[in-house]
Amino acid sequence: MQLFSLSFSTLLVAASANAATSAQDCTALTDDAQRLGCYDAALRKPAEPVMPAATSPSMAVPGAEAESIRHRHLGSSLDERWELTPDTALGAFLPRPYKPVYIMPAVTTNRVNRQPQSLAPDHSAERPLELDKWESKFQISLKAKLLAGVFGEHGSLWMGYTQSSHWQIYNNTLSRPFRETNYEPELMLVFATPYEFLGIKARMASLSLNHQSNGQPLPLSRSWNRVIGELALERGEWSLSLRPWWRLHETTHQDDNPGIEDYVGRGEALLTRKWGNHVFALQGRHSLRAGDRSHGSVQIDWAFPLFRTLHGYTQVFHGYGESLLDYNFKQTRFGVGVSLIEWR
C-alpha cells in the first residue's frame, strides 16, 4: 500500500508538472511534494540540442546543401560543362546546356541574300526572294551524356543538338515566314586531359561526328557532314577551344554545297572570357587556304546581366556562312536580345 501511494504521488507530481505553464501555477498546489515538483519543472531550463559541425559536404545541413546545389551555375567552367572530374559528374541522359541559348528579336544585315546560289545543279534560287533586312533569330542547344567510362575509366560519350532559326517576323509581304532553320545533331567522344604548361591547363579533348542541314527542298537544300576534333584550354577566367574539322566526302549528286569548306572554313577557334557576370566570346573560322580560297568569318558575343539568370545578349557577325543558305555569301550582321545560357 505504501508502494502504491508513493507511485501514485509520483504520477501526480509528473502530471502537475506537465500541466504547469509557469511558477505562478504551482502556488495553487497544497501538497508539498507536488508543489516542489511543479516549481522544479517550471523553472528548469531545457538543454539546447547540439548540432554536429559540418566538417565535410556529407555532414552539411540538408537545406543549405540543397540551396547550394540549386544556385550552382552548371557550365561555369570546362570541368562542369563536360563533367571531367568526379566532383562535377552527373547522371546519364540528363539534358545539359551546350552552346548558347538565346533569342534576338532584332537582327539586321548590311546585305540581304535574296537569291541564294550554289555550284550544285538545281540548287540556286530562280528568282529573288522578297526578304527584309530585319528579322529575328533564336538558338536552342542541349547535350546529354550517354555513357561514362567508354575506355575503362576514361572517356565519355555525349549526344548534342543545336538548332538556329532565322525568322522574317517583320516581313508581312511573305506572311512572316521562317527564312531558314539549321539543324545540327552530333555524337561526341570526350576525354579529360589534365595537363598544364605555363599556367595554361588542357582540360578536354574530343572527337565528334557532326551533321548540319536546313531541311529545305530544292533548290534551297543545304547539308554537310564533318568529323570534328577539339582541344579546350583554360587559364583563370579565360578559355580557348581549338576545333579543326574534316568534311566527309559526298558524291556530286549528293553535294548540296560544293566547296563549303572554302567559305565556312576548315576549323574554328573560340575564345571566351568571364568578367564578373559578363561573358565575352570571340569566334573565328577560316578555310586554311590562301588566295581565292581564303575565306572565313568572325563573330563577337557579349552577354550581360539583366535579371537573375536572364542576360542581355548582343552578337556581331562578319564573313561567310552565318547560315547554310549563306555559306558562300559575305555579310555583316548585328543582333540584340536576351540569353538563358551563354558560353562558359
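The values are calculated or read from the model by the stated rules, or taken from the named source; none is laboratory data. The model shown is predicted, which means the values in this text are computed figures rather than measured ones. Positions of Cβ are backbone-derived with ideal geometry, glycine not excepted, and every protein chain shown enters the neighbour counts.
A few remarks follow.
- Whichever residue in the stretch 147-169 is loosely packed, with under 14 Cβ neighbours inside 10 Å and not acidic (D, E) and, among such residues, is farthest from E135 (Cα to Cα): G152
- For the stretch 212-223, the count of residues that are among the hydrophobic types (A, V, I, L, M, F, W, C), over 20 Å from L270 (Cα atoms) and surrounded by 17 or more Cβ atoms within 10 Å (Cβ to Cβ) is nonzero.
- Here G199 qualifies as surrounded by fewer than 16 Cβ atoms within 10 Å (Cβ to Cβ) and touching a strand residue (DSSP E or B) at 6+ places or on another chain (Cβ under 6 Å).
- Test: residue in the stretch 97-106 that is surrounded by fewer than 16 Cβ atoms within 10 Å (Cβ to Cβ), part of a loop (DSSP other than H, G, I, E, B) and in contact (Cβ under 8 Å) with a residue 40 or more places away in the chain: no
- Comparison of L288, L325 shows that the only residue that is on the phi > 0 side of the Ramachandran plot, assigned by TED's automatic domain parsing to the domain that holds Y98 and more than 24 Å from the chain's Cα centre (by Cα) is L288.
- For the stretch 113-128, the set of residues classified as within 13 Å of L325 (Cβ to Cβ) and free of Cβ contacts under 8 Å to residues at least 24 places away in the same chain consists of R114, Q115, listed by residue number.
- Test: residue in the stretch 110-128 that is closer than 29 Å to T314 by Cα, modelled with pLDDT under 95 and either part of a strand (DSSP E or B) or in contact with a Lys or Arg (Cβ under 8 Å, 6 or more places away or on another chain) (or both): no
- Some residue of the stretch 133-143 being buried (at least 17 other Cβ atoms within 10 Å of the Cβ) and in contact with an Asp or Glu (Cβ under 8 Å, 6 or more places away or on another chain): no
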